[in-house]
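Have a look at the structure below before the remarks.
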Amino acid sequence: MCSQLGVGNSTLARWKWEYKNNNNEVQFRGSGNFSSDLEKENARLRRELKNTQDALEILKKAISILGD
């Protein structure tokens, strides 16, 4: 089973232990796995906002350099 998942025995054992000790519920999801469409959309919007803010900072620096 571990080789199919691409994880070590200890990792799988820890996942099983955590699952059993959390009332058979998954407490943490892997990166990119969202529990709802709303969370997925929020993550997309956060990424888009960060990219826009980065672009704005670059433009501000370019304007200040060209404005001299």
Query raised in the report: Given the rule -39500 (n - 2.57) for each run of at least 4 DSSP H residues, summed and divided by the residues of the chain, what is its mean residue ellipticity at 222 nm, to the nearest 500 deg cm²/dmol?
Result: -23000 deg cm²/dmol
Requested in this report: Take the solvent-accessible surface of the protein heavy atoms, probe 1.4 Å, and return the percent of it on the chain that carbon and sulfur atoms account for.
Outcome: 55 percent
Report task. State to the nearest 20 debye the size of the charge dipole of the chain about its Cα centre, where the only charges are +1 on K and R beta carbons and -1 on D and E beta carbons. Result -> 220 debye
Report task. Mind sorting out which of (1) 4.2; (2) 7.8; (3) 10.7 is the real mean projected area of the Cα convex hull in nm² computed from the coordinates? Result -> (2)
Report summary line: For the pair Glu57 and Gln4, the simple spin-label estimate (label points 7 Å beyond Cα toward Cβ) gives in nm 4.5 nm
Report task. With a probe of 1.4 Å, find how much accessible area the chain has per residue, and write the answer as a whole number in Å². Result -> 94 Å²
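The values are calculated or read from the model by the stated rules, or taken from the named source; none is laboratory data. Quick caveat: nothing in here was measured; it's all calculated off a predicted structure. Quick reminder, even Gly has a Cβ in these numbers, built from the backbone with ideal geometry, and neighbours come from all protein chains shown. When the accessible area is computed, the model is the full protein with side chains, heavy atoms only, and any ligands, DNA or RNA have been set aside. Shrake-Rupley method; radii C 1.70, N 1.55, O 1.52, S 1.80 Å.
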